[in-house]
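Student: Here it is: the structure, laid out below.
The values are calculated or read from the model by the stated rules, or taken from the named source; none is laboratory data. Everything numeric in this text was worked out from a predicted model, so none of it was measured. Here Cβ is always computed from backbone atoms with ideal geometry, including for glycine, and neighbour counts include all displayed protein chains. When the accessible area is computed, the model is the full protein with side chains, heavy atoms only, and any ligands, DNA or RNA have been set aside. Shrake-Rupley method; radii C 1.70, N 1.55, O 1.52, S 1.80 Å.
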Amino acid sequence: EDAAELQFGSEFEDIDILSNAQVAVILQVSARSAVDRDEELHDVYRKTQKYVDRFNTMTNQEKNNQELVKELDNLQDALTTFRKETEQGDELELHGFEVAALMNLVATDTSVDEAKALLPSLSRFPEAAIDEILDLIRTTMIRIVS
């Protein structure tokens with residue numbers, strides 16, 4: 001198993017990988033539901049919420065969860081369906097791990113070199129393609145935080 005080489009164990013086959021922002025929305029909804037049912041939140045829940053809140057860069061208190069979910073789902077779809085053809089005619093696409101990691105790690109000022117340092121597997125893409133990917137994320141982040 002090696003994330004840099006996009007090699008994962010069989011337990012990671014056919015699963016959807018969520019970004020911190022997506023997990024944050026899910027946890028917020030479940031927390032409200034627990035409060036409505038007068039249930040106490042478990043310690044694991046609180047620790048997970050603290051973690052995603054700390055590292056979630058795609059948040060805006062003025063937007064409701066439906067708006068955030070729509071933006072995040074649209075971004076995930078755009079990244080998941082992103083394709084780039086190489087000079088040899090091969091088609092490159094982002095792995096689910098890369099999609100979630102990019103949504104977690106990329107800031108509005110992330111450069112191509114920084115993205116490749118954070119996710120070495122992106123090196124298989126031409127720099128222009130990585131910049132295109134980063135632009136998709138920047139545009140969404142700007143819509144979310146503005």
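Student: Go through region 18-51 and give me each residue that's closer than 19 Å to LYS70 by Cβ and hydrophobic (A, V, I, L, M, F, W, C).
Tutor: The answer is LEU18, ALA21, VAL23, ALA24, VAL25, ILE26, LEU27, VAL29.
Student: Name the residue that is modelled with the highest pLDDT, counting only residues in region 5-61 that are small (Gly, Ala, Ser), within 13 Å of the chain's Cα centre (by Cα) and not in a loop (DSSP other than H, G, I, E, B).
Tutor: The residue in question is ALA24.
Student: Quickly run through region 75-97 and pick out the residues that are touching a strand residue (DSSP E or B) at 6+ places or on another chain (Cβ under 9 Å) and either loosely packed, with under 11 Cβ neighbours inside 10 Å or charged (D, E, K, R) (or both).
Tutor: Result: THR81, ARG83, LYS84, GLU85, GLU91, GLU93.
Student: Look at region 4-17 and say how many of its residues are within 20 Å of VAL69 (Cα to Cα) and not β-branched (Val, Ile, Thr).
Tutor: The total comes to 1.
Student: Please enumerate the residues belonging to region 133-146 that are assigned to a helix (DSSP H, G or I) and either open to solvent by 80 Å² or more (accessible area, probe 1.4 Å) or among the β-branched types (Val, Ile, Thr) (or both).
Tutor: Matches in region 133-146: ILE133, ILE137, THR139, THR140, ILE142, ARG143, ILE144, VAL145.
Student: While we're here: Going through region 123-141 one residue at a time, which ones are in contact (Cβ under 8 Å) with a residue 24 or more places away in the chain and within 15 Å of the chain's Cα centre (by Cα)?
Tutor: Result: ILE133, LEU134, LEU136, ILE137, ARG138, THR140, MET141.
Student: Continuing with the same structure: Would you check which residues across region 103-119 are at pLDDT below 85, assigned to a loop (DSSP other than H, G, I, E, B) and aliphatic (A, V, I, L, M) and list them?
Tutor: Listed by number, the residues that qualify are VAL106, ALA107.
Student: Of these, ALA117, ALA78, ALA101, which one is under 23 Å from ASP2 (Cβ atoms), within 13 Å of the chain's Cα centre (by Cα) and of a type in the set (Gly, Ala, Ser)?
Tutor: Of the residues listed, the single one that is under 23 Å from ASP2 (Cβ atoms), within 13 Å of the chain's Cα centre (by Cα) and of a type in the set (Gly, Ala, Ser) is ALA101.
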